[in-house]
Amino acid sequence: MIELRDVSKTVTSGGRPLTILHPLDLVIARGQFLAVLGASGSGKSTLLGLMAGLDAPTTGSIRFDDTDITTLDEDALARLRGATIGFVFQFFHLVPSLTALENVSVPMEIAGRRDALSRAESLLAEVGLASRGHHYPSQLSGGEQQRVAIARALANDPPVLLADEPTGNLDSRTGAHILDLLLEVRRTRGTTFVLVTHDAELAALADRRLILRDGHATLESSTAAARTSRVVSV
Amino acid sequence: MNGASMRFVMTLAARELRASWRRLLVFFACIAIGVSAIVALRSVVQNVGVALTADARSMFGADLIISSNNPITGVVRQEIAGERTAGRVLDAIDAIELTTMARSMRGPDAGARVVELRAVDAGYPMYGTLVLREGTYRHDLLRDHGALVGPDLLAQLGLDVGDVIGVGDARFEVRGVVASEPGRSVGAFSFGPRVVIDRADLASTGLLSFGSRVSYEVLLRVPETHLDPLADSLRASFVTEYVRVRTYRRAEDRLGENLSRAENYLSLVGLVILALGGIGISSVVRVFVQEKIRSVAILKCLGATTRQVLAAYLTQASVLAAAGCVVGVLIAAGVLAAVPALTAAAPVQVAAMARLEYGLTVSAVAQGVAVGLLVALLFALVPLLQVRDVKPSLLLRHEITPREGIDWTRWSAAAAVAAALVAVATWQAGSVEIALIVCGGLVALTIVLHGAGLALVRAVQPLARARSFALRHAVLQVARPGSQAGIVLLSVGLGVFFILGVRALQGNLLADISLQIDEDAPDLFLLDVQGDQRDGLAAFVDTRNGEEPPPAAIPVLRARVVGVNGRELNLDGYQDVRGRGSLAREYTVTYREHLEDNETLLDGRWWTGGDRSVAEVSIEESLRERYRIHLGDEMRFDLFGRIISARVTSVREVEWRDFRSGGFMFVFSPGTFDDAPHGFIATARGPADPEARAVLISGLSARYPNVSVIDVQEALRLARDVMATVTRGVTVVGALVLLSGTLILVGAVSMTKFRRVYEAAVLKTLGASTRLIGMTLLLEYTVLGAIAGTIGAAGAVVLSWAIATWGLELPWTPAPGLSVAGVLLTTLLVAVVGVLASLEVLRHKPLDTLRAE
């Protein structure tokens, strides 16, 4: 369960305070699929960053199960991310100097798993890239890179998957494949899934949608949510 | 850090290394060069040291040597005999050494040279061996006018074993060639080649006449336990005698001190190169971290802690530094293997080094590697600390929030680096003071050169408005932030600075010396001329040196101060004078009517005719300063037993550099020594033609065998050789620095290559031809090279001027040709290296590049 209480973010821009995210309360239950919708600059990515402990909120608290992550230091946050959160970014963010296989094994190596490489191989097979493990990111297409990123995000079996416009940098066909993959992952593993997108069609697939406009949030439940397993109110 | 964390750090370091070692290696080559310099220089000095001190006793030739400029007689002989009876001296033999002429007897004008003659008894050498080129040494070889000579004498006079040489009034048959002998060490100064004869034959040469430069020695064999007490008691007994007492142990200590000082100073050279490499490393690591920011953010996003990332990059730096050290040690081993070949052709003083065996010493390798690792890590640390500031949120928002306030960790790290550098320098130099001077000097030089570089970069800015596209972009590239121009200018400029600086200085020194020779200055010094030979010798030279003026004769005597009754200083006897250190030494003194051109009267009055009943003496200024001897003081001198009293009536300053008229600490009023027998130094100008000159010298030597001829032209040639060797040494250092600079340039190019390739691709897309881009690159590195050359050349002018004016007090003359050549060659070097390193930029196809981005 992810619980946000009175979370806001204000930054200084051009010497003046600028509120990117206005105070927000939000509870995301285990296994839920939440879509965060909004135009560019509406604060979507900021919200995602706050949830992942990549950034600290100006006000409020964020709890992961029983842990208030706003009280953790950098290194504790890093450990929490390594164990709990899987990330998928719009620009893939693979380490360019590592092969696909090594990119996937990094989170497991950080966690100290001894089977990192063999598990990385099976994860790559899961995303359909069994034969591309020794290629470097620059030798892979965009869709392939994103699949590597997904395999990496699943490395430590995280209960939470955060995706920041994962199809935003891909053509529509490849994007559709990637989304299918993510949804399948969510289905088979029961992962809590937060998807940031500006594509309303994609968002329609979610249990709930959080719509951001200039940092103000509105929450709406979906009829489509009926198709998914659980519906949880705020 | 636990085991799993450690494993991750190692894995990450290994993978990063795999990706970037090629681009970083060039910088660690700087470490290799610095380490090789430290290891090689230290090893050479330690090898020489081992050779010289391994058997100090055989190098010295005895346990204890008593020496004197007068025959050893009376009290000293009795004392030695007494000690021998008491069992404190096991054996004693005599040897006599003097500087004289040896001449070829092949023809009337077959040549003559100054030699160092050594007359020995059976039983010599007491320790060690006299090594001959062929056969083994026995005293029998010397009996009945046999001689063993240094190889240089045979070469200079064109003689072979079996030929006859004339020494004084006697003739000797050359019976062997001396390869090495005890008591003559590497690098020792000598007037000329060695000639060894039997002491029994010395009298027949007639050279032991009054005034000859003779050193009489008694070599003693002493039981080890008695050595130091015996030396002390002999010194005490001989305090009023004209003798010196030396032991091999004292010689060994002094040699050891000199060697360790030389070793420490030389290794500072390596440290300077290393520090430059360190600056290069620091700059490349900064660029490296910039490029890695995204990767670091990803790693942090995936759960890696700052400590793990930092540890991985430090591990990577350590591995590369270690590789640099290994390469450095290998280079040093190669250099050491080449030393004998390199030194064989050098002047005599250095050539002896060729006979030693060279190998790496453990301590040199350990020190070189330790310093190399330390410098590399220290300089990599500060820029690496930047990874702490990388926030994973960077992946969502493309911005870096700069740290607020002062980054104390970073500043403390920088301070620790500076302190550690001073500590390393202290360790290497063996002195805090020198370490501070070297580090301070390096920092000051870095700041000055860096400032000059920035100023020049700004000065070429107007070219950025030039009409030529290539020139405009070239200048923009040099000036853009993070262009690496600063570090390239610093390292290349410093190398050029060293090379040109020492060359300019050498030029000035040689010009100054030749200037003094070229004027009407005498270039032949004739020593030990006797009173009755004066006129004949003058006539002899005058008829054979063409237009030149006849020789002038300066009377010379040897005297010791044995008492002073003065205002501040009162010394009753020689024993008191001894307490004043060097005042007790034997001075060469003269008398004359006038002041010489190189003398200035500072105080008192010069004698002009008048009362000659009281002897007067004029002292050199340094005597007044050091010993507080003043006008009006009464001084007593001992001239071979005659005590003469003289009043100090003037103080002179002598321009020592101007040796034409000689320089004397004490000048007496004429008449003081009228009835004392004394010799003369004659100064003359020889014919310029080398053949006529050789004929004059051998003629002089045949007719006046007791007279030694010092040929200043010959000495100048030697000085030139020695200076050329020194210059070559400093040039090697400069070349190493320049090499580091070039490597830094290559590295800087490869560090910025990605950006360059991308920019070139964009420009090509916009219609620029490969040729135009190539021209831009060429111009860019030409501008950079010209600036680096200008910095180095200007620095060299300032350096040579400062040393000439303040250090050596020479008139300074600029060398514009040298400066211009330096700038042109540097420009060429940087342009060629820069363009060659950038060829990849030209080869890339724009589409591939843009797609990859």
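Throughout, read-outs are computed from the coordinates displayed, never taken from laboratory work. Just so you know, these numbers come straight off a predicted model, no measurement behind them. So basically every Cβ, Gly included, is an ideal-geometry build from the backbone, and we count neighbours across all protein chains shown.
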Can you spot the lysines whose alpha carbon is less than 27 Å from B:K391's alpha carbon? Ignore those fewer than 8 places along the same chain. A:K9, A:K44, B:K292, B:K300, B:K753
If packing is taken as the average count of other Cβ atoms within 10 Å, what order do A:116-123, B:455-462, A:153-160, B:31-38 fall into, highest mean first? B:31-38, A:153-160, A:116-123, B:455-462
Semi-axes in Å, largest first, for segment A:50-176 (Cα gyration tensor, √(5λ)) are 27, 18, 11
Where the eigenvalues come from the Cα gyration tensor of the protein assembly as shown, what are the semi-axes √(5λ) of the equivalent ellipsoid, largest first, in whole Å? 85, 30, 28
Can you give the FRET efficiency for B:Q78 and B:V50, using 1/(1 + (r/R0)^6), R0 = 60 Å, r = Cβ-Cβ distance, to the nearest 0.05? 0.90
Shielding by other protein chains, B:287-297, mean Cβ within 10 Å: 2
Note down the nm distance, to one decimal, between modelled labels 7 Å out along Cα→Cβ at B:W806 and at A:V27. 8.0 nm
In peptide A:103-110, how many Cβ atoms from other protein chains are near each Cβ within 10 Å, on average? 6
What nm value, rounded to one decimal, do you get for the distance between A:S172 and B:S468 when each label is placed 7 Å out toward the C-beta? 5.3 nm
GNM, chain A, Cα, under 10 Å: largest mean-square fluctuation among A:F33, A:F87, A:F64? A:F64
Which of B:L320, A:L195 comes first, and how do the rest follow, when ranked by fewest Cβ neighbours within 10 Å? B:L320, A:L195
Per residue, how big is the convex hull around the C-alpha atoms of segment B:39-178? Give it to me in cubic angstrom, could you? 166 Å³
Could you tell me the calculated FRET efficiency between B:S363 and B:A821, based on Cβ-Cβ distance and R0 = 56 angstrom, to the nearest 0.05? 0.85
Can you give the longest run of chain B that contains no chymotrypsin sites (Phe, Trp or Tyr not before Pro) sitting in a DSSP loop with at most 16 other Cβ atoms inside 10 Å? B:211-605
Quick check on the exposure proxy: order B:D674, B:D198, A:D214, B:D528 from fewest to most C-beta atoms within 10 angstrom. B:D674, A:D214, B:D198, B:D528
On C-alpha positions alone, give me the angle between the axis of helix B:248-301 and the longest principal axis of chain B, in degrees, nearest 10. 10 degrees
Please identify every one of the trypsin sites (Lys or Arg not before Pro) in segment B:81-110 that sits in a loop by DSSP and has no more than 14 other beta carbons within 10 Å of its own beta carbon. B:R106
Longest principal axis of chain B (C-alpha) makes with the long axis of helix B:469-479 (C-alpha) an angle, in degrees to the nearest 10, of 70 degrees
Averaged across the residues of B:301-313, what count of C-beta atoms belonging to other chains lies within 10 Å of each residue's C-beta? 6
Give the order of A:T12, B:T813 when sorted by the count of other beta carbons within 10 angstrom, beginning with the fewest. A:T12, B:T813
Relative to the longest principal axis of chain B, what angle (0 to 90°, nearest 10) does the C-alpha long axis of helix B:712-751 take? 10 degrees
With a ≥ b ≥ c taken as the square roots of the eigenvalues of the C-alpha gyration tensor of chain B, please select rounded if a/c is under 1.5 and otherwise prolate if a/b is larger than b/c or oblate if it is not? prolate
What's the FRET efficiency of B:L314 with B:D675 using the Cβ-Cβ distance as r and R₀ = 60 Å, to the nearest 0.05? 0.10
List the GluC sites (Glu not before Pro) in segment B:543-600 that DSSP assigns to loop (not H, G, I, E or B) and whose Cβ has at most 15 other Cβ atoms within 10 Å. Which are they? B:E547, B:E568, B:E586, B:E593
Hey, how many Å between the Cα centroid of segment B:669-708 and the Cα centroid of segment B:129-147? 32 Å
Contour minus Cα-Cα distance for B:R18 and B:A4 (0.36 nm per residue): 2.9 nm
Global form of segment B:550-684, assessed from the alpha-carbon gyration tensor, a/c cut-off 1.5: rounded
Mind giving me the nanometre distance, one decimal, between the label points for A:T67 and B:D542, set 7 Å out from Cα along Cα→Cβ? 10.9 nm
Per its Cα gyration tensor (rounded if a/c is under 1.5, else prolate when a/b beats b/c, else oblate), segment A:38-113 is best filed as oblate
Expressed as a fraction of 2.2 N^0.38 Å, the rule-of-thumb size for a compact globular protein of N residues, what is the C-alpha radius of gyration of segment A:2-227? 1.01
For segment B:726-794 and segment A:1-51, distance of Cα centres in Å: 49 Å
